[in-house]
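The next block holds one structure in the form of structure tokens; read it before the comments.
The values are calculated or read from the model by the stated rules, or taken from the named source; none is laboratory data. Because the structure is a prediction, the values reported are computed rather than measured. Cβ coordinates were reconstructed from backbone atoms using ideal geometry, including for glycine residues, and neighbour counts include every protein chain displayed.
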Amino acid sequence: MVSKNSSETKDKWIGVIGVGSFGTAIANMLAEKSPVMVYARKEEVVHEINEKHSAQGKPLNPKIKGTYSPAEICENCDILFMMISSSGFQDVVKTFAPFLFPYHLIIHGTKGLCLNLNPGETLDSVQKIKRSQILTMSEVILQESVVVRVGCLAGPNLSKELVKGQPAATVIASKYNEVIIEGQSLLRSEKFQVYGNSDIIGVELSGVLKNIIAIASGALAGLQLGENAKGLLISRGMVEMVHLSNALGGSVKSVIGLAGIGDLVTTCNSVDSRNFTVGFRLAKGEKLNEILADMEEVAEGINTIRVIKAFLETADLRAPITEYLYRVLFEDFDIKEALQFLMKYPFNVDIDFV
Ligand SMILES: NC(=O)C1=CN([C@@H]2O[C@H](COP(=O)(O)OP(=O)(O)OC[C@H]3O[C@@H](n4cnc5c(N)ncnc54)[C@H](O)[C@@H]3O)[C@@H](O)[C@H]2O)C=CC1
Ligand SMILES: O=C(CO)COP(=O)(O)O
């Protein structure tokens with residue numbers, strides 16, 4: 001499909017907020033077609049971008065301009081790609097909110113969840129949460145800013161492979177068709193296919209929930225339990241994702257698409273996945289705090305497990321893989337014992353959602 005807006009957007013700046021692994025990969029892909037401005041909060045990183053054409057050592061296309069001014073990027077860019085880990089997402093949207101207008105269009109790439117709690121409350125203090133206390137990133141943008149045309153980008157998109165120019169595809173999801181069309185026209189290339197989906201919540205949740213299963217897959221690999229066990233995990237993991245996504249407002253269809261099963265297979269099989277790596281290292285006997293101490297990049301699945309565990313306390317739903325991983329990560333439960341429990345779990349129906 002050729003975008004009717006592609007000529008309009010051709011020479012306009014496109015903004016990327018966040019220059020971590022994924023933000024730099026997407027900024028470089030966007031720079032193949034459009035002028036790109038990136039926002040980094042630290043002045044020294046902006047100097048590095050503009051003088052050395054790299055961001056914390058990650059090479060950037062020399063045409064990319066860096067700024068630490070939210071006002072500058074919002075004034076120059078009608079379309080913003082927000083590539084921030086979920087832990088900083090709410091703060092960043094709040095910082096940008098005074099400079100955002102309803103004409104802005106935001107597409108985010110974050111595979112995590114935020115909380116919507118009362119001031120002073122934390123997950124530890126409340127322990128049980130309802131759906132209304134969980135926010136996907138599109139919900140954060142809608143809650144904290146006047147922007148309405150929001151989209152998300154999710155799929156099997158390991159940044160290390162994108163950087164090498166290996167072929168891949170993604171899903172841009174939005175309730176607004178123009179968001180999907182703009183995203184497709186800006187990112188689609190010979191190496192990168194872009195699918196559209198109107199179920200933004202289902203696509204966001206697919207990217208969020210697969211991280212839990214990727215941690216479990218890393219643990220299976222660390223314990224050298226073989227490919228049959230991995231097939232079992234991926235298929236039961238997908239069923240768990242379907243039920244959780246459904247309970248949180250996503251459609252089953254999105255979980256069985258590229259952003260769900262596609263990303264699930266990729267992250268459950270790759271040593272480049274941070275979530276897979278967390279599971280692998282746990283299985284090798286390391287404790288969570290030791291792993292976190294030397295991980296430079298975010299493994300969103302760890303926080304997602306905490307959020308989903310608290311949600312399960314109020315939902316009429318079982319999610320055994322998530323529940324046992326919670327015990328392993330946060331209650332010092334032995335990982336081999338957790339697997340034994342899961343093997344005995346009475347799953348007796350193969351597919352119970354279609
Ligand atoms: N790296 C990958 O292969 C992929 C990552 N993702 C998702 O993209 C998101 C970002 O991941 P990465 O870029 O890999 O993580 P990263 O850890 O490399 O980068 C995170 C970025 O967020 C910024 N950030 C965090 N808190 C901030 C704050 N308070 N203010 C300003 N900036 C802040 C950091 O400075 C950094 O630029 C995650 O949700 C991840 O799940 C999605 C697909 C692929
Ligand atoms: O989501 C990803 C690839 O699609 C990246 O996975 P990790 O965050 O586990 O590295």
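Counting only helices (runs of 4 or more DSSP H) that sit completely within the range 17-111, those holding 2 or more residues that are touching a residue at least 24 places away in the same chain (Cβ under 8 Å), within 27 Å of residue 169 (Cα to Cα) and within 16 Å of ligand 2 (Cβ to nearest atom) correspond to 21-31, 86-96.
Among the residues of the range 121-132, is any crowded, with 18+ Cβ neighbours inside 10 Å and either charged (D, E, K, R) or within 29 Å of residue 157 (Cα to Cα) (or both)?
Within the range 121-132, the first condition is being crowded, with 18+ Cβ neighbours inside 10 Å, and the residues that meet it are 129.
This time we only want the ones that are either charged (D, E, K, R) or within 29 Å of residue 157 (Cα to Cα) (or both), so: none.
Scanning the range 121-132 turns up no residue that is crowded, with 18+ Cβ neighbours inside 10 Å and either charged (D, E, K, R) or within 29 Å of residue 157 (Cα to Cα) (or both).
Here is a check on your reading of the model: is residue 67 out of contact with any Asp or Glu (no Cβ under 6 Å at 6 or more places or on another chain), closer than 28 Å to residue 165 by Cβ, within 16 Å of ligand 1 (Cβ to nearest atom) and not small (Gly, Ala, Ser)?
yes
Within the range 155-171, if we keep just the residues that are of a type in the set (A, V, I, L, M) and over 18 Å from residue 190 (Cβ atoms), the residue that is nearest to ligand 2 (Cβ to nearest atom) turns out to be 158. Of the residues making up the range 294-305, none is more than 16 Å from ligand 2 (Cβ to nearest atom), polar (S, T, N, Q) and closer than 30 Å to residue 132 by Cβ. In the range 297-321, which residues are of a type in the set (A, V, I, L, M) and farther than 14 Å from residue 114 by Cα? Residues satisfying the conditions are 298, 299, 312, 315, 317, 319, 321.
Flag: residue 79 does not match the condition of being buried (at least 18 other Cβ atoms within 10 Å of the Cβ), touching a Phe, Trp or Tyr at 6+ places or on another chain (Cβ under 6 Å) and closer than 24 Å to residue 188 by Cα. Considering each residue of the range 246-262 in turn, at least one proves to be more than 23 Å from residue 135 (Cα to Cα), touching a residue at least 40 places away in the same chain (Cβ under 8 Å) and part of a helix (DSSP H, G or I). Answer with yes or no whether residue 185 is closer than 22 Å to residue 350 by Cβ and of a type in the set (S, T, N, Q). Here the answer is no, as residue 185 does not meet what is asked.
Among 334, 316, which is the only one that is assigned by TED's automatic domain parsing to the domain that holds residue 283, surrounded by fewer than 14 Cβ atoms within 10 Å (Cβ to Cβ) and within 23 Å of residue 133 (Cα to Cα)? Lay out the reasoning, then the answer.
Details: 334 fails: within 23 Å of residue 133 (Cα to Cα).
Testing whether each residue is assigned by TED's automatic domain parsing to the domain that holds residue 283, surrounded by fewer than 14 Cβ atoms within 10 Å (Cβ to Cβ) and within 23 Å of residue 133 (Cα to Cα) leaves just 316.
The residues on offer are 179, 239, 252, 203, and the sole one that is within 16 Å of ligand 2 (Cβ to nearest atom) and among the hydrophobic types (A, V, I, L, M, F, W, C) is 203.
Just need a number here: residues in the range 235-247 that are of a type outside the set (S, T, N, Q) and surrounded by fewer than 21 Cβ atoms within 10 Å (Cβ to Cβ).
Start the filter on the range 235-247 by keeping residues that are of a type outside the set (S, T, N, Q), which leaves 236-244, 247.
Keeping just the survivors that are surrounded by fewer than 21 Cβ atoms within 10 Å (Cβ to Cβ) gives 236, 239, 243, 247.
Number satisfying all stated conditions: 4.
Of everything in the range 148-173, what is part of a loop (DSSP other than H, G, I, E, B), surrounded by fewer than 18 Cβ atoms within 10 Å (Cβ to Cβ) and of a type in the set (A, V, I, L, M)? Give them in sequence order. Give the steps one after another, and end with the answer.
First, the residues of the range 148-173 that are part of a loop (DSSP other than H, G, I, E, B): 148, 155-158, 164-167.
Remaining after also requiring surrounded by fewer than 18 Cβ atoms within 10 Å (Cβ to Cβ): 148, 164-167.
Within the range 148-173, just 148 meets the criteria.
Looking across the range 269-287 at every residue that is hydrophobic (A, V, I, L, M, F, W, C) and within 14 Å of ligand 1 (Cβ to nearest atom), the one that is surrounded by the fewest Cβ atoms within 10 Å (Cβ to Cβ) is identified as 271. Whether any residue in the range 273-289 is part of a loop (DSSP other than H, G, I, E, B) and among the aliphatic types (A, V, I, L, M) is what I want to check. For the range 273-289, residues part of a loop (DSSP other than H, G, I, E, B) and among the aliphatic types (A, V, I, L, M): absent. In the range 9-42, what residues are modelled with pLDDT of 95 or more and among the acidic types (Asp, Glu)? Hit for the range 9-42 is 32, nothing else. Scanning the range 289-305 for residues that are within 14 Å of ligand 1 (Cβ to nearest atom) and free of Cβ contacts under 8 Å to residues at least 24 places away in the same chain yields 292, 294, 295, 296. For beta carbons closer than 9 Å, sequence separation of 6+ or different chains, a first residue in the range 119-131 that is more than 18 Å from residue 248 (Cα to Cα) and a second that is among the aliphatic types (A, V, I, L, M), the qualifying pairs are 121/115; 122/115; 125/117; 126/115; 126/117; 126/310.
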